[in-house]
1. Of A69, A92, A104, which residue is at pLDDT 85 or above, closer than 13 Å to A36 by Cα and either open to solvent by 20 Å² or more (accessible area, probe 1.4 Å) or not charged (D, E, K, R) (or both)?
2. Can L49 be described as buried (at least 19 other Cβ atoms within 10 Å of the Cβ), at pLDDT below 95 and of a type in the set (A, V, I, L, M, F, W, C)?
3. I want to confirm something. Restricting to segment 97-120 and keeping residues that are over 14 Å from L60 (Cβ atoms) and touching a residue at least 40 places away in the same chain (Cβ under 8 Å), which single residue is farthest from the chain's Cα centre (by Cα)?
4. Among the residues of segment 48-72, which ones are touching a residue at least 24 places away in the same chain (Cβ under 8 Å), closer than 22 Å to A92 by Cα and out of contact with any strand residue (DSSP E or B) (no Cβ under 6 Å at 6 or more places or on another chain)?
5. Provide a single number: the residues in segment 175-192 that are more than 29 Å from A117 (Cβ to Cβ), of a type in the set (A, V, I, L, M, F, W, C) and exposed (fewer than 11 other Cβ atoms within 10 Å of the Cβ).
6. Only one of these is open to solvent by less than 30 Å² (accessible area, probe 1.4 Å) and out of contact with any Lys or Arg (no Cβ under 6 Å at 6 or more places or on another chain): L98, L85, L113. Name it.
7. Which residue is least open to solvent (accessible area, probe 1.4 Å), if the candidates are limited to segment 193-225 and must be among the charged types (D, E, K, R) and out of contact with any Lys or Arg (no Cβ under 7 Å at 6 or more places or on another chain)?
8. Residues that are open to solvent by 30 Å² or more (accessible area, probe 1.4 Å), free of Cβ contacts under 8 Å to residues at least 40 places away in the same chain and charged (D, E, K, R): does segment 122-134 have at least one?
Amino acid sequence: ALAKGAGPANPPTGLRPPRGAGKDAVTLTGATSGFAVVLGADVALVDDLVACSDLDVIVLDADAGKVAALRAHLGERYGRRVAALAADLPGAKLPPYLASLIVAAEADVSEPLLREAYRVLRPYGGTACLRASEDFAARLKRLAAAGEMPGAEVTVKDGWVLLKRAGALSGSGVWTHQYADAGNTVVGKDSLAKAPLGVLWFGGPANDEILPRHGHGPSPQVVGGRLFIEGRNLL
């Protein structure tokens with residue numbers, strides 16, 4: 001569903017999540033931009049997320065009827081910021097490292113689904129915000145400690161369990177100088193990027209003003225999960 005325009009209408013019966021769940025998720029995680037994945041066709045949650053952040057929202061629900069009801073509610077209200085798909089998280093086959101935020105206000109979260117959610121979270125702070133018990137949090141911490149989710153941090157706050165993908169991906173590297181590093185080695189230490197290569201996802205500004213390789217543009221720099229490219233009068 002793609003939408004834009006006026007204020008929210010009354011959501012269809014049976015689709016309303018815990019009140020203010022979207023605002024809670026944004027406040028607790030600090031995720032205000034990028035992609036959010038919502039597990040379950042929760043109308044009020046989607047309205048909340050769009051109203052209190054700049055997130056683009058992907059809603060997943062295996063119940064096609066609930067997805068249809070959500071699409072009818074959305075209409076054209078939010079332009080391209082919201083998409084609703086009739087699929088569960090594994091079935092959606094989202095690319096890795098996509099989501100700044102995953103929210104499950106009412107969904108039944110199993111261990112396989114947790115592993116899939118962690119695969120989809122971006123490094124450097126992508127967080128899943130889950131309505132679950134402290135017993136569930138303890139089980140999640142054991143999974144993280146067992147190496148099932150490298151870099152995972154699990155906390156409990158205000159009735160939510162937060163699963164955060166902190167820091168860099170294991171095996172990732174940086175390229176901080178014209179020739180890789182201060183020693184001009186021209187060797188990156190990233191062990192993750194290797195053939196066969198492919199596009200995970202794409203977007204952002206056009207490359208019209210970026211200097212071509214043979215125009216001797218400066219090398220892009222990579223650090224802290226960000227790629228910095230210098231172009232003609234722009235960065």
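The values are calculated or read from the model by the stated rules, or taken from the named source; none is laboratory data. Just so it is clear, the structure is predicted and the values come from calculations on it, not from any experiment. Note: ideal-geometry Cβ built from the backbone for every residue, glycine included; neighbour counts use all protein chains shown. Calculation scope for accessible area: heavy atoms of the full protein, side chains included, ligands and nucleic acids excluded. Shrake-Rupley method; radii C 1.70, N 1.55, O 1.52, S 1.80 Å.
1. A104
2. Against the criterion (buried (at least 19 other Cβ atoms within 10 Å of the Cβ), at pLDDT below 95 and of a type in the set (A, V, I, L, M, F, W, C)), L49 qualifies.
3. My answer is L114.
4. Within segment 48-72, D61, A62, K66, A69, A72 meet the criteria.
5. 1
6. The conditions single out L98.
7. Checking each candidate, the answer is D208.
8. Within segment 122-134, one or more residues are open to solvent by 30 Å² or more (accessible area, probe 1.4 Å), free of Cβ contacts under 8 Å to residues at least 40 places away in the same chain and charged (D, E, K, R).
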